[in-house]
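The values are calculated or read from the model by the stated rules, or taken from the named source; none is laboratory data. These numbers come from a predicted model, not from an experiment. Virtual Cβ from ideal backbone geometry, glycine too; neighbours counted across all protein chains shown.
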Amino acid sequence: MAPRKIVLSLFVVLLATSAVATASPRPVPVCGPCDRPFVSAARGHGVDLEIRHSTAHVRVHGNGSASWTVENRVDEAAAERFRDDAALVDRVAADSLAAREAEAVRASVDERTVTIRYRTPDFARDAPGNVLLVTYFRDDVGRDYDGLGADRLTLVAPEGRVVDRALSGASVEGREMTLTSFDSHGDGPFVTLVPEGGLVTPLTSFVAVAAAVGDVVARNLLLLVAVPLSVYLGVVAAVAWAAGRTGVGERGPEPLASLVVGIGLLLAAHPLYAGALSLLGSSSPALFAAGVGVAVLGAAGHPAVRRRLSLAGVTALVGGAFVVAVGVAAALQATQVADAVAFPPHARIVRHVLPALPVYATLAVGYAAARDDLRRGLAVAGTALALVLAVQFPLFSSGGTLYGLAVVLAVGGAFAAAVVGVPALLLGYAVERT
C-alpha cells in the first residue's frame, strides 16, 4: 500500500472515533407493543394494520417487577380480524414482545382497541437508601431505545412511594410519572421511587444512582480510556526512544518540517482524490480542517520559531494548531463554501476535530524526549488523548449492543493517532537537537 494511502487510512480510523455510537443497529421503542414491533408482528401473521393511538400504563411493584397494560387503537379491518380470531391477537402480542423479558402475555380486543397485558420481572431494583431504582429506561447490552413508542406512557409507583427523580420532559404528580416523548440520546436516565414523606429524598436518589453507575464508570475508564491510552503512550514512547538512537535531526529539522507540512496539505487536499481511495469513499470536512492543523505544526522547523521554543512553547504550538483547525472547521460550517468540505449547520465542530489533538501532541513528545524529559511530553500527549476519549465515549453509559466495537475503535483510534503523529514527533525531536 502506498505511504499516502496508509497515512490517510490511519487518519480516517482516528477521526472515525468521533462518529462512534454505542447504540444498536436495530433500536426499539420503550413500549414495543405500542409501535413498530406490534405492526411487524401483525404483518408476520398476515395482518396489515395501522396504530391510530396507543397508551401504556406501567404499575411498578415493590419487588421490582412491573405490570404493563397497553391499549392500541387500530383500524377497523385489523380489529375485525382480531375479533374473529382470539388466538391470532395473542400470537401477535407475544411476537411483538419477543425481544423483551416479558411474562404472562395476554391480549384482548374491544371494538377497535387491542389491549395487551404483560409483566416485566426486572423493571427496577433495590438501591441504597430504601430507593427503588428503575433501570428499564437505560440502554443496555442487547437493548437500545429510539423513542417512546406510545403516545402516552404512565408509570405508577408502588403504594407508599412517590416519583423523585424522573425522566426528562415527564410530568410528575405523586406516585405517577407521565411521558409523551422519550429522549433516546446517550444511554437514558434513571428513575427513582422513594418512600413517601422522606426528608432527604434528593440525597438518597443521588446516592442510589451513583452506586448504580460506579461499576459502569470503572469499566469504561478501563476499556475506553486506560487501555487505549496505554497503547498510544506505548507507541509514541517507543518511537521517541528509537529517535534517540537513529540520529534524527542531524541534517536539521527543515526536511521533517517540510514532510509534516506536506502531509497536512495532502490531508487538506483529500477532496480532490477521495473518490479514488476506496477506504475514504468520500471527503470529510473534519479531515480537511485537521490537515490544516497538521500543516501548522511545520512552523516548528522555521529558524525564527525554533530559536524561541521551549516545552511550554511547543505545547502552545500544539494548542495553536488545534485552534486553527477548529477555526477552519467553523469557517467551513459558516460559509458552506463547497459540498465536499461542508459541515452540517448544527454539527459540533470541536467534537469532530478533537480526535486530531493527540496527533498534534506528539510534537511535544519528540521535543521533550530530545531534552531527556520524556515524561513531561507523555503527560501532554496523554492528557490530549484522555480528553478525546472522555468526550467521544460516554463514561456513564452502560453500553449498547455495539459496545465491543466502541472499545475496538477506541484502541484503533489511539494506535492510529500515535502512528500518524510519528512525523510530528520526529520533527519535535529534531527541533530540540538543532
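Things to note:
- Helices (runs of 4 or more DSSP H) completely within segment 1-104 that count 2 or more residues being under 30 Å from Val422 (Cα atoms), modelled with pLDDT under 90 and assigned by TED's automatic domain parsing to the domain that holds Leu389: 3-16
- Residues in segment 84-121 that are of a type in the set (A, V, I, L, M) and either surrounded by fewer than 16 Cβ atoms within 10 Å (Cβ to Cβ) or touching a Ser or Thr at 6+ places or on another chain (Cβ under 8 Å) (or both): Ala86, Ala87, Val89, Ala98, Ala99, Ala102, Ala104, Ala107, Val109, Val114, Ile116.
- Selected residue (criterion: modelled with the highest pLDDT) from residues of segment 165-195 that are crowded, with 21+ Cβ neighbours inside 10 Å and not hydrophobic (A, V, I, L, M, F, W, C): Thr192
- Some residue of segment 376-384 being outside any helix (DSSP H, G or I), touching a residue at least 60 places away in the same chain (Cβ under 8 Å) and either surrounded by fewer than 22 Cβ atoms within 10 Å (Cβ to Cβ) or assigned by TED's automatic domain parsing to the domain that holds Gly244 (or both): no
- Selection of segment 62-74 for residues being buried (at least 16 other Cβ atoms within 10 Å of the Cβ) and touching a Pro at 6+ places or on another chain (Cβ under 9 Å) yields Gly64, Ala66, Trp68, Val70, Asn72.
- Scanning segment 361-373 for residues that are surrounded by fewer than 19 Cβ atoms within 10 Å (Cβ to Cβ) and touching a residue at least 24 places away in the same chain (Cβ under 8 Å) yields a count of 2.
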